[in-house]
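All remarks here apply to the structure that follows.
The values are calculated or read from the model by the stated rules, or taken from the named source; none is laboratory data. Every value quoted in this text rests on a predicted model; they were computed, and no experiment measured them. Here the Cβ is made from the backbone with ideal geometry for all residues, glycine too, and neighbour counts use every protein chain on show. For the accessible areas, the whole protein counts, side chains as well, though only heavy atoms, and no ligand, DNA or RNA atoms are used. Shrake-Rupley method; radii C 1.70, N 1.55, O 1.52, S 1.80 Å.
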Amino acid sequence: MQVGTGVIFYRVPAFPAVETLLAEARRLGLSPWWEVDDLIFSASDYRANGNLDTLGSKDRAQLLFGVRLFRSCLLACNGGIASTRALARAMRRAGMAHVAVIENALDRQTLALAAQILAAPPARPGHGGEIRIVYGSGTNTHDADFRHAAPGILAAMQAEPRLSLHIIGELSIPESFQALGARVQHRPGLDFAGYMGLLAQADISIAPLEPTVFNDAKSAIKFLEAGILAVPSICSGRDAFHAVIRPGENGLLAETEQDWCHALLRLAADAPLRRQLGQQARRDVLARFSPDAITRTQVEPVFGRIPPPGPNPQGLRVLCANLYYAPQSFGGATVVAEETARHLSRQPHTWVSVFTSRPDLPGRGGAAVRYVAHGLDTLAVSIAPGADPIAAIDNAEVAQEFTRWVEATRPDIVHFHAMQGLGLGCVRVCMEKAIPYAITLHDAWWLCARQFMVQGDGRVCSQAPIDLRLCQICLPQARYLQARQDLMHAALQQAALLLAPSESHRALYVANGIPPARIRVNRNGFAWPARPRSPRPAQRMLRFGYVGGADNVKGYTLLRRAFESLARDDWELVLVDNTLNLGLRSLHAQAWRVRGRVEVVPAYTQAGMDDFYDGLDVLLCPSQCHESYGLSVREALARNVWVVTTRAGGQAEDVTDGVNGTLIALDGRAETLRCAVESILASPTVRAYAANPDRARLSTFARQSAELGQWLREAAGKAHDPAAGQNAPPSRTGEMHPARY
């Protein structure tokens with residue numbers, strides 16, 4: 001249901017598990033339908049079915065108990081689908097206002113089987129004068145139906161000795177037929193192919209049904225099975241048979257004992273008429289009941305036409321894939337992925353969907369969940385914790401869900417962001433389906449098995465280019481590094497577009513074999529403050545902030561050692577614990593042994609960002625890796641907050657030492673950071689700092705997304721067409737309905 005635009009509950013009772021599915025369908029906005037091809041939701045009509053008398057009391061009680069559950073499920077849905085006109089009328093009487101009739105069709109396997117049988121008709125044993133009647137009863141619930149026609153059938157067989165009766169399936173044959181001896185044959189327990197093979201040997205097919213409302217609701221499937229084999233049929237005068245049989249042209253109808261006897265004797269005496277009726281029945285069945293015919297005349301008016309395969313001609317469809325996405329807005333790369341997706345979706349003739357991971361949700365198991373975030377359809381998949389590191393490189397389970405989402409959203413291009421955990425299998429799906437894809441190289445995951453090029457002891461790895469022999473020393477247990485590198489390079493080489501968030505990060509990938517012309521710099525953006533910065537209280541102690549979390553790679557341990565070694569107490573430090581938003585805690589201020597004040601706060605939202613930075617004088621970013629960009633640095637610079645950062649790649653590119661921040665060496669020494677903090681505490685420059693003179697050169701989300709949208713169109717082979725339709729999905733089957741957690 002997560003990847004559907006509609007859902008049909010076919011012959012489903014309202015068990016508790018089904019009620020859960022109905023609730024999920026409503027959450028997804030799918031307007032569920034309830035479909036059936038038997039009158040199993042009306043107790044009064046069901047009791048009038050004489051075939052119930054052939055069942056034991058226990059089976060009969062179970063069937064009647066199920067009627068209430070079927071009716072409950074029907075009425076819990078938004079619409080009903082009936083296979084016959086009479087069944088539709090019964091649904092309306094039960095209280096369902098919106099009912100569509102979609103008749104039973106012949107499936108493609110049956111059509112192929114019939115064509116095979118007709119191409120090589122089976123040999124029929126017996127004497128040449130035999131005229132064979134075939135009745136397929138199926139189950140043991142058709143005794144009353146056969147009894148309705150039995151006197152007429154028996155009379156015809158007594159009058160015409162060439163007639164024989166072949167019964168396929170379970171049936172209690174009346175004792176009166178015993179006098180006919182071998183002219184009555186009973187073959188229970190055949191599979192469908194065997195049944196069709198015997199039906200093809202018939203001269204006449206019969207479909208008797210007793211005159212009840214229950215049987216009036218039945219479909220004309222027996223006529224269809226015989227007709228596709230060009231076998232003429234005699235059927236009871238129930239509503240569905242009246243709707244398809246033109247007596248004397250493509251079949252015969254019989255109601256009374258005399259009708260059945262007369263019809264059988266008429267066909268027995270006229271071989272040309274049998275051939276004429278059978279051939280016309282085949283033509284009618286193919287014209288009206290093939291899958292294509294039913295789809296065109298009955299399904300499409302209800303559900304709309306399925307758009308043809310291939311790219312959307314009316315605009316650009318982008319599928320963005322990132323490890324995290326709202327409500328798991330976890331980390332700077334996620335914020336960038338969210339904002340670029342939102343800005344892209346606002347561009348003319350552009351539709352964006354999202355693929356991501358999800359948190360553990362009660363009652364969901366490992367199932368994917370579709371919802372709407374920032375107005376965009378999102379499919380979130382479960383990633384098992386502690387997954388095998390080798391299997392996680394590809395992650396076949398995630399790739400399977402990604403395939404379903406790709407087939408549902410039909411993107412013109414896929415934009416991959418942070419893919420660790422989601423795996424390369426998603427990229428492989430794009431390759432197999434010939435969908436162009438772009439990769440934003442947020443970090444070094446595509447090059448380094450540790451993702452950030454930081455060694456096990458926390459020291460930065462300075463390799464450029466990377467030598468796998470040194471990597472093997474860093475990860476001695478990882479014997480798959482060469483295979484991993486081959487897979488990663490293949491994915492990068494097949495990309496239609498490679499993007500780096502900074503010049504320094506682009507240089508890292510160029511140093512590792514990616515041709516310079518293949519990587520474009522798409523500088524990460526940020527959100528401008530919604531209001532001017534509030535004046536800093538004159539008496540407030542200098543307040544530092546840190547947003548990197550508990551990771552050593554972000555410099556957390558170094559930060560703690562630096563502040564614990566400070567000999568003064570005229571400062572405050574605010575630590576952002578972004579795991580608090582997930583119901584966890586990773587930072588514990590009470591464990592610090594410091595003279596100043598340390599406070600732990602949850603991660604700020606976009607709406608609360610200005611308030612957060614108003615409370616800071618200095619943002620500390622002592623990262624111990626070659627950062628690809630550094631969103632928090634730009635957020636602070638845009639809000640006139642002084643920044644202290646290591647010379648860590650893209651993170652430092654917009655910081656000018658002594659002008660809008662302080663640059664320190666990437667040396668892993670707490671003393672280096674402590675000296676910078678002490679210098680700031682002793683200097684009046686930062687206390688008097690009011691405006692960043694280099695704000696204008698910062699790249700915003702709007703600027704980044706405008707550039708990205710143009711490049712994605714080029715990579716997808718799409719030029720902007722101002723004559724395209726309105727900025728809405730081009731067909732009802734191509735759009736998803738609102739859904740929430």
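Worth pointing out:
- At the residue level, Ile519 shows approximately 10 square angstrom of accessible surface with a 1.4 angstrom probe and all protein chains present.
- Other residues with beta-carbon under 15 Å from the beta-carbon of Glu225 carry, at +1 per Lys or Arg and -1 per Asp or Glu, a net charge of 0.
- Near Asp388: Cβ cut-off under 15 Å, other residues only, Lys/Arg at +1 and Asp/Glu at -1. The net charge is 0.
- Distances between placed amide hydrogens fall under 5 Å for Gly136 paired with Ile168, Ile206, all partners being 5 or more residues away or on another chain.
- Relative contact order [Cα under 8 Å, 6+ residues apart], the stretch 64-192, whole percent: 17 percent
- Taking the DSSP bridge list for the chain and keeping only pairs wholly inside it, about 5 percent are antiparallel.
- Partner aspartates and glutamates whose Cα lies under 19 Å from the Cα of Lys718, excluding those fewer than 8 positions away in the same chain, are identified as Asp412, Glu707.
- For Trp528, the solvent-accessible surface computed with a 1.4 Å probe is close to 110 Å², ligands and nucleic acids excluded.
- Calculated from backbone phi, Karplus (6.51, -1.76, 1.60) coupling profile of the stretch 470-480 in Hz, x at Gly/Pro: 6, 4, 5, 5, 5, 10, x, 7, 8, 8, 9
- For Arg11 and Ala193, the difference between the fully extended length at 0.36 nm per residue and the C-alpha to C-alpha distance is 63.1 nm.
- Span from the the stretch 488-544 Cα centroid across to the the stretch 100-153 one, whole angstrom: 70 Å
- Label point 7 Å beyond Cα of Met1 along Cβ direction - residues of the stretch 70-92 with amide nitrogen under 12 Å: 77-78
- Between 0 and 90°, nearest 10: helix 16-27 axis offset from the chain longest Cα axis: 60 degrees
- Amide hydrogen proximity for Glu627: with H placed 1.01 Å from N in the peptide plane, the residues at 5 or more positions away or on another chain lying under 5 Å are Gly649, Gly650, Gln651.
- Residue separation of Asp569 and Gln276 scaled by 0.36 nm, minus their Cα-Cα distance, works out to 95.0 nm of gained length.
- Model label zone, Ala665; criterion: amide N under 13 Å from point 7 Å along Cα-to-beta-carbon; scope the stretch 630-650: 647
- Using alpha-carbon coordinates, inclination of helix 701-715 to the longest axis of the chain, degrees: 50 degrees
- The portion of the accessible surface of the chain made up by carbon and sulfur, rounded to a whole percent, is 54 (1.4 Å probe; DNA, RNA and ligands excluded).
- Net charge, Asp239 excluded, C-beta distance under 10 Å - Lys, Arg +1, Asp, Glu -1: +3
- Calculated FRET efficiency for the pair Ala706/Ala682, C-beta based, R₀ 41 Å, to 0.05: 0.40
- Per residue value of the accessible surface for the chain (all protein chains in place, 1.4 Å probe), Å²: 43 Å²
- Separation of the Thr656 and Asp388 label points, Cα + 7 Å toward Cβ, nm: 5.5 nm
- Label-point gap, in nm, between Arg597 and Glu300 - each point 7 angstrom along Cα→Cβ: 7.1 nm
- Other-chain or far-sequence residues with amide H under 5 Å of Val99's (modelled H): Gly80
- Note on Leu584 and Arg266: their simple-model spin labels are 7.8 nm apart, each label 7 Å out from Cα toward Cβ.
- Between 0 and 90°, nearest 10: helix 143-159 axis offset from the chain longest Cα axis: 40 degrees
- Options (1) -0.42, -0.78; (2) -0.27, -0.71; (3) -0.51, -0.93 - which one matches log10 I(q)/I(0) by the Debye sum over Cα atoms at q = 0.05, 0.08 Å⁻¹ as calculated here: (1)
- Gain on full stretching of the segment that runs from Gln494 to Ala607 - 0.36 nm per residue minus C-alpha separation: 36.8 nm
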